[in-house]
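One structure below.
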Amino acid sequence: MWENADYGPFDEENDDKKKIDVGIAVPCRLCENAFRRLRLTMRYCMECKRGFCEGEHGNFAPKTRARCVQCGPHA
Ligand SMILES: [Zn+2]
Ligand SMILES: [Zn+2]
């Protein structure tokens, strides 16, 4: 299902936005932190640049306005 995926931890130097922009799926960082669960995603938060799984941990807004629940999906 995921041809390219990076299972590594969040990296400030090469954040999830950069990875996803070049077609690499990353783990939802909220699932990872809260549940120790791996769920790959191609969505990232514009605020913290971390991957999030759509619906559960972030909104469905267009890419440029996407936010994870930690940064406030309704802000
Ligand atoms: Zn998640
Ligand atoms: Zn965020």
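The values are calculated or read from the model by the stated rules, or taken from the named source; none is laboratory data. From a predicted model like this one, the values you see are computed outputs, not experimental measurements. No Cβ is skipped: glycine too gets one built from the backbone with ideal geometry, and neighbour counts run over all protein chains shown.
Taking the conditions (1) away from ligand 1 (no atom under 13 Å from the Cβ); (2) modelled with pLDDT under 95 in turn, Ile20 satisfies each one other than (2). Applying the set (1) touching a Phe, Trp or Tyr at 6+ places or on another chain (Cβ under 8 Å); (2) at pLDDT below 95; (3) not hydrophobic (A, V, I, L, M, F, W, C) to Tyr44 leaves exactly one unmet item: (2).
If Glu3 satisfies every condition in (1) over 12 Å from the mean Cα position of the chain (by Cα); (2) assigned to a loop (DSSP other than H, G, I, E, B); (3) within 16 Å of ligand 2 (Cβ to nearest atom); (4) not basic (Lys, Arg) but one, which is the exception? Among (1) over 12 Å from the mean Cα position of the chain (by Cα); (2) assigned to a loop (DSSP other than H, G, I, E, B); (3) within 16 Å of ligand 2 (Cβ to nearest atom); (4) not basic (Lys, Arg), the lone unmet condition for Glu3 is (3). How many residues are away from ligand 2 (no atom under 13 Å from the Cβ) and assigned to a loop (DSSP other than H, G, I, E, B) if we restrict to segment 19-53? Within segment 19-53, residues that are away from ligand 2 (no atom under 13 Å from the Cβ) and assigned to a loop (DSSP other than H, G, I, E, B) number 8.
Results for (1) modelled with pLDDT of 95 or more; (2) over 8 Å from the mean Cα position of the chain (by Cα); (3) surrounded by 17 or more Cβ atoms within 10 Å (Cβ to Cβ); (4) among the aliphatic types (A, V, I, L, M), shown as yes or no for each residue.
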position	(1), (2), (3), (4)
Val26	yes, no, yes, yes
Cys31	yes, yes, yes, no
Ala34	no, yes, no, yes
Glu56	no, yes, no, no
Phe60	no, yes, no, no
Thr64	no, yes, no, no
Val69	no, yes, no, yes
Ala75	no, yes, no, yes
